[in-house]
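Visitor: Could you have a look at this structure, given as structure tokens, before my questions?
Each value in this text was obtained by applying a stated rule to the coordinates, not by laboratory testing. Everything numeric here is computed off the predicted structure, so don't read it as measured data. Methodologically, a virtual Cβ is constructed for each residue, glycine included, from the backbone with ideal geometry; neighbour enumeration extends over all protein chains shown.
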Amino acid sequence: MNQGQTRIVVIEDQIMLRDLVTSLASSIPGVTVVGEAVDGREGLRLCDDEKPDLVIFDLFLPSLNGTEILRQFGKKNPKTRFIAISANFTPESIRELLELGCHGIIAKSSSASKLKEGFKEVSEGGSYLCPMAASLLRESHISRTQTGRRKGRLSNREREVLQAVAEGFSTKQIAEKLTVSVKTIEAHRANLMKKLEARSAVELTRCAFEMGIIELPTRCSQPLPEDRPREI
């Protein structure tokens, strides 16, 4: 951590919460928010540009989820510290975040004072686990599930493609988002279908949900369709 100002990037797609997080972080002496992003891919680009000391990110983000930001940016920038926030942590997601080197885990149900406490603790070089996250870890015996093993077999790009499929983007749209050819995305989708033993985009979406790559299909509360096929 820098001896001067601690430079922070905030990545959160909910405007009200992003404003709150930015305001709380900025109120800590020695902290400066140098950038904000509304989705994961924009957030990753911002981190690459700004090289912040601390990244505060939502676990479930459009385009690229928070775990992938931690995985990809954290690997290249081991001195950067990370805080994950979410309304839907699970024991498995907490374990994965900790294994990837996340320094703080804070539930969105936490009070503003707890949020600020966590931000301050991590910005000063410590670690912070909110009471809810700590309780989940105490009460649950976390074991590696089949979905966890399957997720570990996916490359960074395959996880990105899987999230895009689950968010409802077509092959052409995914190719444009990732600036690669349609044939490349078709190959990634074929590999995903084989690795995850899925027969349709609906089943790929269900796998993404079970793996914690997306929060809910298309970020809504509707159940996954059982019979209606989707474009592959």
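Visitor: Only counting other Cβ atoms within 10 Å, I'd like 90, 6 sorted with the fewest neighbours first.
Guide: Numbers: 90 14, 6 25.
Fewest to most other Cβ atoms nearby, the residues stand as 90, 6.
Visitor: On each of the three principal axes of the Cα atoms of the chain, give max minus min coordinate, whole Å, ordered largest first.
Guide: Result for the chain: principal-axis Cα extents of 53, 40, 30 Å.
Visitor: While we're here: Name the trypsin sites (Lys or Arg not before Pro) in segment 1-88 that are in a loop by DSSP and that have at most 16 other C-beta atoms within 10 Å, would you?
Guide: Counting only loop positions with at most 16 other Cβ atoms within 10 Å, the trypsin sites (Lys or Arg not before Pro) in segment 1-88 are 79.
Visitor: Relative to 2.2 N^0.38 Å, what does the C-alpha radius of gyration of segment 58-130 come to as a ratio? Two decimals please.
Guide: 1.04
Visitor: Another question, if that's okay. What does the charge add up to near residue 103, with Lys and Arg as +1, Asp and Glu as -1, over the other residues with Cβ less than 12 Å from its Cβ?
Guide: With Lys, Arg at +1 and Asp, Glu at -1, the net is -1.
Visitor: Can you give me the Rg/Rh ratio for segment 146-219, using Cα atoms for both radii and the Kirkwood formula for Rh?
Guide: Ratio of gyration radius to Kirkwood radius for segment 146-219: 0.93.
Visitor: Mind checking the full-extension length gain between residue 15 and residue 88? Use 0.36 nm per residue of separation minus the Cα-Cα distance, one decimal, nm.
Guide: Additional length available on full extension: 24.5 nm.
Visitor: Another question, then. From the helices alone, meaning DSSP H stretches of at least four residues, give me the mean residue ellipticity at 222 nm for the chain, per-run term -39500 (n - 2.57), in deg cm²/dmol to the nearest 500.
Guide: Numbers: 11 runs with 115 residues, N = 232.
Using -39500 (n - 2.57) per qualifying helix, the result is -15000 deg cm²/dmol.
Visitor: For a quick check: sort 13, 48, 58 by the number of other beta carbons within 10 angstrom, fewest at the front.
Guide: Fewest-to-most ranking of 13, 48, 58: 48, 13, 58.
Visitor: Please give the contour-minus-distance gain from residue 27 to residue 181: 0.36 nm per residue of separation, less the Cα-Cα distance, rounded to one decimal in nm.
Guide: Between residue 27 and residue 181, full extension yields an extra 50.9 nm.
Visitor: Right, another one. Determine the shape class of segment 6-139: with a ≥ b ≥ c the square roots of the Cα gyration tensor eigenvalues, call it rounded for a/c under 1.5, and otherwise prolate if a/b is greater than b/c, oblate otherwise.
Guide: Rounded, since a/c falls under 1.5.
Visitor: Turning to a different aspect of this structure: Residue 39 versus residue 98, label points 7 Å from Cα toward the beta carbon: distance in nm?
Guide: Computed distance between label sites residue 39 and residue 98 equals 3.3 nm.
Visitor: Place a +1 charge on the Cβ of each Lys and Arg in segment 146-219 and a -1 charge on the Cβ of each Asp and Glu, then give the dipole magnitude about the Cα centre in debye, rounded to the nearest 20.
Guide: Computed charge dipole of segment 146-219: roughly 260 debye.
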